[in-house]
Amino acid sequence: MAIAFIFNDLSSVMTVVSLTTFVGIVWWTFVLNRSADFDEAAHLPFADDADGGPPTSTENKHG
């Protein structure tokens, strides 16, 4: 019976920790106004193509 109380308490603690983490991430994202950082990160996948050179892949072109 005592183990059931321990699991109930641990479940409650994990719920509070998870909610706090979620709220912290949302706060960090939206309240701190980090849109410039996110815009820069969004363009990172295209940074390799900025030089305009041929692709560096060794795979043959098909079609």
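The values are calculated or read from the model by the stated rules, or taken from the named source; none is laboratory data. Just so it is clear, the structure is predicted and the values come from calculations on it, not from any experiment. Glycine also receives a Cβ, built like all others from the backbone with ideal geometry; neighbour counts cover every protein chain displayed. Just so you know, the surface numbers come from the protein's heavy atoms only, side chains and all, with ligands and any DNA or RNA stripped out. Shrake-Rupley method; radii C 1.70, N 1.55, O 1.52, S 1.80 Å.
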remark   = Conditions (1) open to solvent by less than 100 Å² (accessible area, probe 1.4 Å); (2) modelled with pLDDT under 80; (3) not hydrophobic (A, V, I, L, M, F, W, C) -> Asn60 fails only (1)
task = Consider Thr20 carefully, then state whether it is part of a helix (DSSP H, G or I), out of contact with any strand residue (DSSP E or B) (no Cβ under 8 Å at 6 or more places or on another chain) and either modelled with pLDDT of 85 or more or not hydroxyl-bearing (Ser, Thr, Tyr) (or both).
result = yes
